[in-house]
1. Test S101 against the stated conditions and say whether it is out of contact with any Pro (no Cβ under 9 Å at 6 or more places or on another chain), more than 20 Å from G188 (Cβ to Cβ), modelled with pLDDT under 95 and surrounded by 16 or more Cβ atoms within 10 Å (Cβ to Cβ).
2. Go through region 165-181 and report how many residues are surrounded by fewer than 20 Cβ atoms within 10 Å (Cβ to Cβ) and closer than 24 Å to K62 by Cα.
3. I'd like the residue in region 83-111 that is in contact (Cβ under 8 Å) with a residue 24 or more places away in the chain and among the polar types (S, T, N, Q) and, out of all such residues, is farthest from F151 (Cα to Cα).
4. Do we have I95 as surrounded by fewer than 21 Cβ atoms within 10 Å (Cβ to Cβ) and either within 22 Å of the chain's Cα centre (by Cα) or assigned to a strand (DSSP E or B) (or both) here?
5. Residues that are among the small types (G, A, S) and under 24 Å from N44 (Cα atoms): does region 162-178 have at least one?
6. On the basis of being surrounded by fewer than 17 Cβ atoms within 10 Å (Cβ to Cβ), without any contact (Cβ under 8 Å) to a residue 60 or more places away in the chain, under 30 Å from Q75 (Cβ atoms) and not small (G, A, S), does I114 make the cut?
7. Can you confirm whether T71 is surrounded by 12 or more Cβ atoms within 10 Å (Cβ to Cβ), more than 17 Å from I179 (Cβ to Cβ), among the β-branched types (V, I, T) and at pLDDT 90 or above?
Amino acid sequence: MIKKILIPILLLAVSCHSPEPPASTAKPKAPSKPKSVTPKPAANPWVVKNYTKAGGETTERKYARFDTEGTFSDQAGSNGKVYVTFMLNKENAGILLYKSSKSNPLEKSTGTVIIKMKNTKGEEIELTSSRGWNKTGGILIEQNNNDYSRFRIFMLQNEGTVNVEIRDESAAVYNFNIIATGFGDSLGQI
């Protein structure tokens with residue numbers, strides 16, 4: 001009887017203290033190298049769109065648009081916020097300025113406007129305008145005085161940030177940056 005009780009207890013004790021598994025003969029894996037990830041190109045800040053007719057129907061004619069913010073100073077004060085839309089089509093370019101809020105009316109310049117652009121290398125271009133982008137305002141960079149061609153060449157020869165300063169005869173000064181990167185791609189699509 002004691003044998004009948006002892007044998008199962010011994011078997012149970014032996015099974016609880018099983019020997020360690022044999023050492024693995026497999027070679028450890030070398031640490032894996034991180035896969036090189038091709039960075040996604042940044043989205044082009046110059047967005048290409050189609051003009052629309054008065055009824056909302058889109059046309060075949062295209063333009064490129066760049067939106068940014070900056071500061072302005074005038075006789076009333078300094079360091080106010082300005083919202084800027086830069087528009088470009090095959091014939092000319094326009095700069096639309098909205099003081100303090102995009103919902104404010106478009107700024108109308110009186111007289112001659114001087115536009116200075118400076119790239120990160122310190123190279124500058126100066127353009128002159130005395131016309132509005134449209135009836136409601138803005139600044140026109142036109143082909144008639146060759147400024148539009150000079151502007152396009154300047155932008156195509158640059159990458160990165162271009163600082164823009166606009167001065168008008170009423171002593172208003174606007175400062176903002178535009179991005180030259182992607183300009184050529186968008187110009188080719190319009």
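1. On the way: out of contact with any Pro (no Cβ under 9 Å at 6 or more places or on another chain): yes; more than 20 Å from G188 (Cβ to Cβ): yes; modelled with pLDDT under 95: yes; surrounded by 16 or more Cβ atoms within 10 Å (Cβ to Cβ): no.
When the stated conditions are applied, S101 does not pass them.
2. First, the residues of region 165-181 that are surrounded by fewer than 20 Cβ atoms within 10 Å (Cβ to Cβ): 165, 167, 169-171, 173, 175, 177, 179, 181.
Then drop every residue that is not closer than 24 Å to K62 by Cα, which leaves 177, 179, 181.
Total meeting the criteria: 3.
3. Step one: list which residues in region 83-111 are in contact (Cβ under 8 Å) with a residue 24 or more places away in the chain, which gives 84, 86-97, 99, 105-111.
Next cut, among the polar types (S, T, N, Q) only: 89, 92, 109-110.
Numbers: N89: 12, N92: 10, S109: 20, T110: 22 Å.
It comes out as T110.
4. On the way: surrounded by fewer than 21 Cβ atoms within 10 Å (Cβ to Cβ): no; either within 22 Å of the chain's Cα centre (by Cα) or assigned to a strand (DSSP E or B) (or both): yes.
So I95 fails the test.
5. Residues of region 162-178 that are among the small types (G, A, S), as a first pass: 170-172.
Those still in the list that are under 24 Å from N44 (Cα atoms) too: none.
No, every residue in region 162-178 fails to be among the small types (G, A, S) and under 24 Å from N44 (Cα atoms).
6. Values: surrounded by fewer than 17 Cβ atoms within 10 Å (Cβ to Cβ): yes; without any contact (Cβ under 8 Å) to a residue 60 or more places away in the chain: yes; under 30 Å from Q75 (Cβ atoms): yes; not small (G, A, S): yes.
When the stated conditions are applied, I114 passes them.
7. Values: surrounded by 12 or more Cβ atoms within 10 Å (Cβ to Cβ): yes; more than 17 Å from I179 (Cβ to Cβ): yes; among the β-branched types (V, I, T): yes; at pLDDT 90 or above: yes.
Yes, satisfied.
The values are calculated or read from the model by the stated rules, or taken from the named source; none is laboratory data. In this text the structure is predicted, and so the values were computed from the model without any measurement. Quick reminder, even Gly has a Cβ in these numbers, built from the backbone with ideal geometry, and neighbours come from all protein chains shown.
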